[in-house]
Amino acid sequence: MEARSFVLRGALAGAVAGVVAWLFALVVAEPQVEAAIGYEEGRGAAEEALATAAGAAPAGGAEEEVVSRGFQATIGVGLGMVGIGIALGLLFAVAYTLLHGRVAVRPRVLALLVAGAGFLTIYATPFVKYPASPPAVGSDETIGDRTALYLVMVVGSIAFLAAAVFVARLVRERIGTWNAVLVGGVVYIALSAILMTVLPGLGELTINVVENGPRVTETPLPLRDASGTIIYTGFDADVLYAFRVASFTAQALLWGVLGLVFGALVERRLARGETTERTAQATSA
Amino acid sequence: MTTAGAVARARATTVSASETLPWLASALLVGLVLYYFIGIDQGAVSVFGDTSYVHELVHDARHFLGFPCH
């Protein structure tokens, strides 16, 4: 099989995975996003009322809506999910092509292994340090820092897995495959843990410390008036938890479907190629 | 299809570097560009200037996929 077949099948499997993740998002994620946006709007109104009471001029009108909420919550999220499915499918296909035939497992098993590695490095490990957050959780002022830190986690964990595989291959002859995989796992976890310890929590960014004092996250605290009375609650912990579980599940679905569909497509293609060969041999004989 | 057969077949079809490179390079490029536009553009940095159409369009997916957003 040539690289072309892998790349095209990667994009196709990724698109299928994206559609599955889209349906999941519509049912499970959108209610949480709506709840978070409701909180954000309510809090915005409370903050404005507080500022007006303190004598500040009322802030200028509502945020301009570039894309309607209804469109965002249906087609927009679908474009995002299918688009990221294709993107991940293409990146997946690159890694798969480089490994195909070089590892002693059948294609559909290798496909699941590569998908698992993608899920772990591109999503799950960064999630441990900087978990997915619904609207209202995350300050406008720190978007630059947050994006940079998130990408450091993504690139770091990819590099760490590469390092872990390298070390595991190095010691495999001496200690056997099982132990080599364990050693690789320890290398990956240790390097990831060090990076997570070194990088700051989002609440530790200077802008946030000035505003709220040192904290680990940016999750909104209760809003208080001058006398310290709570006039608007902090962000609902249950909504935050439900959103994060849904986000994690959607990524597991995305990578899982990608790996399974891709593996099935490649094995079908290989089996078909063999049948054609046999037919050709039979005809020429 | 047996596992041994499938492994052997995969080994026999290991792809060579020369015919592979253009496909892999384009897949890598397109994959990264898509990842960038869905996850990052018009948030922290923007190639389409000071509009937020891309950001708003994929807004929910961006939050849900774990990218930093506001």
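Some points to look at:
- In the stretch A:104-129, the residues that are over 22 Å from A:ILE189 (Cβ atoms) and either more than 9 Å from chain B (Cβ to nearest Cβ) or without any contact (Cβ under 8 Å) to a residue 60 or more places away in the chain (or both): A:ALA104, A:VAL105, A:ALA111
- Selection within the stretch B:17-70 - in a loop (DSSP other than H, G, I, E, B) and within 22 Å of A:VAL245 (Cβ to Cβ): B:VAL58, B:LEU65, B:GLY66, B:PHE67, B:PRO68, B:CYS69, B:HIS70
- Filter pass, A:PRO200 being in a loop (DSSP other than H, G, I, E, B) and more than 13 Å from chain B (Cβ to nearest Cβ): yes
- Scanning the stretch B:34-65 for residues being of a type in the set (Gly, Ala, Ser), closer than 20 Å to A:ALA136 by Cα and at pLDDT below 80 gives a total of 3.
- Taken over the stretch A:101-155, residues that are part of a helix (DSSP H, G or I), under 11 Å from the mean Cα position of the chain (by Cα) and of a type in the set (Gly, Ala, Ser) amount to 2.
- Yes/no for A:ALA95 being in a helix (DSSP H, G or I), under 23 Å from B:TRP23 (Cα atoms) and outside the structural domain of A:THR177 (by TED's automatic domain parsing): yes
- Matching residues in the stretch A:175-232 - criterion: being closer than 18 Å to A:THR142 by Cβ and of a type in the set (Ser, Thr, Tyr): A:THR206, A:THR217, A:THR219
- Tally, over the stretch B:25-56, of residues that are more than 23 Å from A:ARG9 (Cβ to Cβ), in contact (Cβ under 8 Å) with a residue 24 or more places away in the chain and facing another protein chain (nearest Cβ under 7 Å): 3
- For the stretch A:239-267, a residue qualifies if it is within 10 Å of chain B (Cβ to nearest Cβ) and among the β-branched types (Val, Ile, Thr), and exactly one does: A:VAL266.
- Of the set (1) over 30 Å from B:GLY5 (Cα atoms); (2) at pLDDT 90 or above; (3) surrounded by fewer than 24 Cβ atoms within 10 Å (Cβ to Cβ), all apply to A:LEU98 but (1).
- Residue list for the stretch A:194-227, restricted to those being free of Cβ contacts under 8 Å to residues at least 12 places away in the same chain, surrounded by 13 or more Cβ atoms within 10 Å (Cβ to Cβ) and within 23 Å of the chain's Cα centre (by Cα): none
- Single match in A:LEU223, A:LEU270 (criterion: modelled with pLDDT of 90 or more and outside the structural domain of A:ALA13 (by TED's automatic domain parsing)): A:LEU223
The values are calculated or read from the model by the stated rules, or taken from the named source; none is laboratory data. Note that this is a predicted model, so its numbers are computed, not measured. Ideal geometry is used to build each Cβ from the backbone, glycine not excepted, and the neighbour counts take in all protein chains shown.
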